[in-house]
Amino acid sequence: AEGHDPKDFAKARKIATDTSERGSTGILYQNEEIPSFYERLVPRQGRKTTAVAEVHITDVSALMKGLV
């Protein structure tokens with residue numbers, strides 16, 4: 001909604017659950033005082049890289065032979 005305040009949780013909830021008109025997209029609610037999703041992941045704490053940057057090609061052919 002034009003002029004929407006993303007810090008207003010009650011209004012964001014009302015917009016999100018209102019199905020009488022078109023579906024809403026975008027940031028409906030944002031609390032900048034809460035750590036981000038990645039900051040709250042314990043296994044990611046202290047890491048400087050993204051999870052995608054840590055993906056490597058691994059040969060699993062020996063594992064597959066053991067399953068066949």
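Can you tell me which lysines have their Cα less than 21 Å from the Cα of Lys48? Leave out same-chain residues fewer than eight positions away.
Partners found: none.
Under 13 Å Cα to Cα from Lys7, which aspartates and glutamates show up? Leave out anything in the same chain fewer than 8 places away.
Once the sequence-local aspartates and glutamates are set aside, what remains near Lys7 is Glu32, Glu33.
Add -39500 (n - 2.57) for each DSSP H run of 4 or more in the chain, then divide by its residues: what number comes out at 222 nm, to the nearest 500 deg cm²/dmol?
Rounded to the nearest 500, it is -7000 deg cm²/dmol.
Alpha carbons only, please: Rg and Dmax for the chain, in angstrom.
When restricted to the Cα atoms of the chain, Rg and Dmax are 21.1, 60 Å.
Subtracting the Cα-Cα distance from 0.36 nm times the residue separation, let me have the gained length for Leu63 to Asn31 in nm, one decimal.
7.0 nm
When the chain is fully extended, how far beyond the present Cα-Cα distance does Lys7 get from Ser20, taking 0.36 nm per residue of separation?
2.4 nm
Coordinate-derived values only; no laboratory data. Predicted, not measured: the structure shown is a model, and the values here were computed from it.
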